[in-house]
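Here the structure is laid out as structure tokens; the discussion comes afterwards.
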Amino acid sequence: MDCRVPVTDRVHWIGVNDRETTLFENFWPLDKGVAYNSYLINDEKIALIDTVKFNKTDQFLSKIREIIGDKKIDYLVVNHMEPDHSGSMHAVIAAYPDIKIVGNKKTFEFINNFYGITENWYEIKEGDELDLGYHKLTFFITPMIHWPETMMTYDKTDKMLFSMDAFGGFGSLDGGIFDDEVNIEVYEDEIRRYYSNIVSNYSVIVQKALKRLSDIEIKTILSTHGPIWRSNPQIIIDYYDRWSRYEAEEGVVIVYGTMYGNTAKMADYLARVISQNGIKNIRVYDASKTHLSYIISDIWRFKGVILGSCAYNTHLFPPMESVINKIEHSGLKNRFLSIFGCKSWSGGGVNNLNAFAERVKWEKIGPSVEATCSPKETEFSVLLKIGEEMARAVKNNPE
């Protein structure tokens, strides 16, 4: 079976699809699977760019042999050390014992700690060049996108950027490998979900990296997840630029936690008011039912955020606590925020959401409203004003 997917005459995609794993990093749902991308440069010197997760090693090595036969691999370039990309390193070294492992100083600390490999290291620094013959590779050290050792490899000959996890996303590659072979709109949600949950905390560093990359010509972006961007790499660059500057679309995300449905009634009422005031993009999430990663992805997408919680033993309802913890950890800025909820014999839900509002420093829309046991006309009248004001706020900020 021919498994070769040429990117150019000398560069091949030798990635694999994983539709069996249910949780990425044992936490993020993989409803649409995930691809682990690796690349082989078959030049005078042969270079392998990253490997794949350990559960796909046999398939991965088979693809390599199909392209180069009995030839040896000269270099393994390690852009990122997370095990979904380095997990086949031991198998590669066993198959090609003379291979040189290319990385920066921090890379080798991880290699030793993960795998106990201490030989055949080939250390590079920012701007160093590796000559393969036709292809000339140079390196950008990009720490904290999103690990300390991360780097990108740039082929100066064909203007190709091997970008490790940057510019990647969830979703298996179902036949189409390149951006011009797939419906990018299908992948956009999964790319944003990946960014907002995995990379978002390092948005300031992403902006710095984008500025550095703006000085070079990039014709193709080859990430370790998601499609290869060969026809219009500016699309994925623009995604990362917009998200790392915290820009958002017109719309409102309502997230609530409820035990007996009273906070849910308030959420539904708010959604209806916002809709009646001209907002079409409205997402309503029960924090107990929808995985956190999807909620966070939409909060990164839309400008308005409304959070509601019942009181739970004098505290915030636990699923809502996870939501606000993740928001704070992600460092998201520039959103409009409203707060509501219910209490019975004690408070705790709204009080803790108010404390979150003070910490996150988003622009507050309307007063916080808390019903006792169940919402009544007094609370609904306040919710009406909040919904109207929120709709005006997100419409006045079209970015």
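A quick yes/no check of all residues on (1) of a type outside the set (Phe, Trp, Tyr); (2) more than 30 Å from the chain's Cα centre (by Cα):
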| site | (1), (2) |
| --- | --- |
| 314 | yes, yes |
| 329 | yes, no |
| 338 | yes, no |
| 347 | yes, yes |
| 353 | yes, no |
| 363 | yes, no |
| 369 | yes, yes |
| 380 | no, yes |
| 386 | yes, yes |
Here the residues within the stretch 151-175 that are without any contact (Cβ under 8 Å) to a residue 60 or more places away in the chain and more than 25 Å from residue 78 (Cα to Cα) are 175
Restricting attention to the stretch 203-220, which residues are touching a helix residue (DSSP H, G or I) at 6+ places or on another chain (Cβ under 6 Å) and touching a residue at least 40 places away in the same chain (Cβ under 8 Å)? 203, 206
Tally time: how many residues in the stretch 220-252 are part of a strand (DSSP E or B) and farther than 28 Å from residue 282 by Cβ? 5
Taking the condition in the same structural domain as residue 372 (by TED's automatic domain parsing), out of contact with any Asp or Glu (no Cβ under 6 Å at 6 or more places or on another chain) and either at pLDDT 95 or above or not aromatic (Phe, Trp, Tyr) (or both), does residue 220 pass? no
So residue 182 ticks every box in (1) buried (at least 16 other Cβ atoms within 10 Å of the Cβ); (2) under 30 Å from residue 274 (Cβ atoms); (3) of a type outside the set (Phe, Trp, Tyr) but one. Which box is left unticked? (2)
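Scan the stretch 336-380 residue by residue and report those that are of a type in the set (Ser, Thr, Tyr), under 21 Å from residue 390 (Cα atoms) and surrounded by 14 or more Cβ atoms within 10 Å (Cβ to Cβ).
Residues satisfying the conditions are 338, 368.
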Please work out if residue 284 is touching a strand residue (DSSP E or B) at 6+ places or on another chain (Cβ under 6 Å) and without any contact (Cβ under 8 Å) to a residue 24 or more places away in the chain. no
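Which residues, taken from the stretch 260-291, are basic (Lys, Arg) and not in a loop (DSSP other than H, G, I, E, B)? Before you say what the answer is, go through the steps one by one.
The initial filter retains those residues of the stretch 260-291 that are basic (Lys, Arg), namely 265, 272, 280, 283, 289.
Listed by number, the residues that qualify are 265, 272, 283.
Scan the helices (runs of 4 or more DSSP H) fully inside the stretch 1-108 and keep the ones with 1 or more residues being closer than 30 Å to residue 326 by Cβ and either without any contact (Cβ under 8 Å) to a residue 60 or more places away in the chain or not assigned by TED's automatic domain parsing to the domain that holds residue 150 (or both). Break it down into steps so the answer makes sense when it comes.
Numbers: elements: 57-68, 83-86, 89-95.
So the answer is 83-86.
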Can you list residue pairs whose Cβ atoms sit under 6 Å apart, with the first residue in the stretch 321-342 being modelled with pLDDT under 95 and the second being surrounded by fewer than 21 Cβ atoms within 10 Å (Cβ to Cβ) and of a type in the set (Ser, Thr, Tyr)? Count only pairs 6 or more apart in sequence or on different chains. none
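Looking at the stretch 356-372, is at least one residue of a type in the set (D, E, K, R), closer than 16 Å to residue 272 by Cβ and free of Cβ contacts under 8 Å to residues at least 60 places away in the same chain?
Initially, the stretch 356-372 is screened for residues of a type in the set (D, E, K, R), giving 358-359, 361, 363-364, 370.
Still in the list and also closer than 16 Å to residue 272 by Cβ: none.
Looking through the stretch 356-372, none of the residues is of a type in the set (D, E, K, R), closer than 16 Å to residue 272 by Cβ and free of Cβ contacts under 8 Å to residues at least 60 places away in the same chain.
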So, of the residues in the stretch 115-132 that are closer than 21 Å to residue 41 by Cβ and not charged (D, E, K, R), which turns out to be surrounded by the fewest Cβ atoms within 10 Å (Cβ to Cβ)? 127
Specify which of the listed residues (197, 232, 281, 277) is modelled with pLDDT of 95 or more and buried (at least 21 other Cβ atoms within 10 Å of the Cβ). 197
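Could you list, in sequence order, the residues of the stretch 158-179 that are buried (at least 16 other Cβ atoms within 10 Å of the Cβ) and either small (Gly, Ala, Ser) or more than 25 Å from residue 21 (Cβ to Cβ) (or both)? Working first, answer last.
Applying the first criterion (buried (at least 16 other Cβ atoms within 10 Å of the Cβ)) to the stretch 158-179 yields 158, 160-173, 177-179.
Those that are buried (at least 16 other Cβ atoms within 10 Å of the Cβ) and either small (Gly, Ala, Ser) or more than 25 Å from residue 21 (Cβ to Cβ) (or both): 158, 160, 161, 163, 166, 168, 169, 171, 172.
The values are calculated or read from the model by the stated rules, or taken from the named source; none is laboratory data. Note that the structure is a prediction, hence the values are computed from the model and not measured. Because the Cβ atoms are built from the backbone with ideal geometry, glycine has one as well, and the counts that use them run over all protein chains shown.
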